[in-house]
1. ASP76: surrounded by 10 or more Cβ atoms within 10 Å (Cβ to Cβ), modelled with pLDDT under 80 and within 52 Å of the chain's Cα centre (by Cα), yes or no?
2. With (1) within 46 Å of the chain's Cα centre (by Cα); (2) surrounded by 10 or more Cβ atoms within 10 Å (Cβ to Cβ) as the list, and ALA56 as the residue in question, which single condition is left unmet?
3. Return the only residue of LEU66, LEU61 being of a type outside the set (Asp, Glu) and closer than 22 Å to SER5 by Cα.
4. Taking the condition of being part of a helix (DSSP H, G or I), farther than 22 Å from ILE15 by Cα and not charged (D, E, K, R), how many residues in segment 32-53 meet it?
5. From ALA92, ALA56, ALA65, which residue is small (Gly, Ala, Ser) and either at pLDDT below 80 or not in a helix (DSSP H, G or I) (or both)?
6. Looking at segment 1-31, which of the residues that are among the polar types (S, T, N, Q) and at pLDDT 75 or above is farthest from TYR68 (Cα to Cα)?
7. Please tell me if ALA103 is loosely packed, with under 10 Cβ neighbours inside 10 Å and either under 45 Å from the mean Cα position of the chain (by Cα) or aromatic (Phe, Trp, Tyr) (or both).
8. Considering only segment 32-41, I want to know if a residue exists there that is closer than 20 Å to ILE16 by Cβ and either in contact (Cβ under 8 Å) with a residue 24 or more places away in the chain or hydrophobic (A, V, I, L, M, F, W, C) (or both).
Amino acid sequence: MTGKSGDILRWVLTIIVIAVMIWWLYNVWLVQGVAVTKDQDGNVLDVYTRARDTLAIIVPLVTLALGYWFGVKGADTAEKNAATANDQARAATEQAKDATAQAVVAEKQVTALRGALEPSAYEAAVQKYPDIFTK
């Protein structure tokens, strides 16, 4: 699930799950003071213990579901960020290739100009601008 509809669904499910948890906690609280009774066969009927045990099973499942839903949201965001980073890396690689091609052309032009100059003009330029001609 991606986009706004996925976010809305996650929040709706989360609110439903939290509402069920609150309702169940309220029910456990209601039966907390109920006395332990026995049925016809002598079995102990402890409503509070049953409710508490059920809650002990439900809480980990609910936290697992909530963690998964919000973890998926984080994975969606990470995938978007990774795709953006890949696009930027491709663009930077293309720019580097273009810059390299321009440097090669400029080097060829300089070599051609160097060959077209008289040796004395070239030597005068080297002496006047030594930083440009040293590699």
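1. Working: surrounded by 10 or more Cβ atoms within 10 Å (Cβ to Cβ): yes; modelled with pLDDT under 80: yes; within 52 Å of the chain's Cα centre (by Cα): yes.
In short, yes.
2. Failed condition: (2).
3. Working: LEU61 fails: closer than 22 Å to SER5 by Cα.
One residue alone meets the criteria, LEU66.
4. Of the residues in that region, 3 qualify.
5. ALA65
6. Looking only at segment 1-31, we keep the residues that are among the polar types (S, T, N, Q), and these are 2, 5, 14, 27.
With the extra rule that they be at pLDDT 75 or above, the set shrinks to 14, 27.
Numbers: THR14: 11, ASN27: 27 Å.
Among them, the one singled out is ASN27.
7. Values: loosely packed, with under 10 Cβ neighbours inside 10 Å: no; either under 45 Å from the mean Cα position of the chain (by Cα) or aromatic (Phe, Trp, Tyr) (or both): yes.
Considered against the rule, which asks whether it is loosely packed, with under 10 Cβ neighbours inside 10 Å and either under 45 Å from the mean Cα position of the chain (by Cα) or aromatic (Phe, Trp, Tyr) (or both), ALA103 comes out as no.
8. So in segment 32-41, the residues closer than 20 Å to ILE16 by Cβ come out as none.
No, that holds for no residue.
The values are calculated or read from the model by the stated rules, or taken from the named source; none is laboratory data. This is a predicted model, so every value here is computed, not measured. FYI the Cβ positions are ideal-geometry reconstructions off the backbone, even for glycines, and counts take in every protein chain you see.
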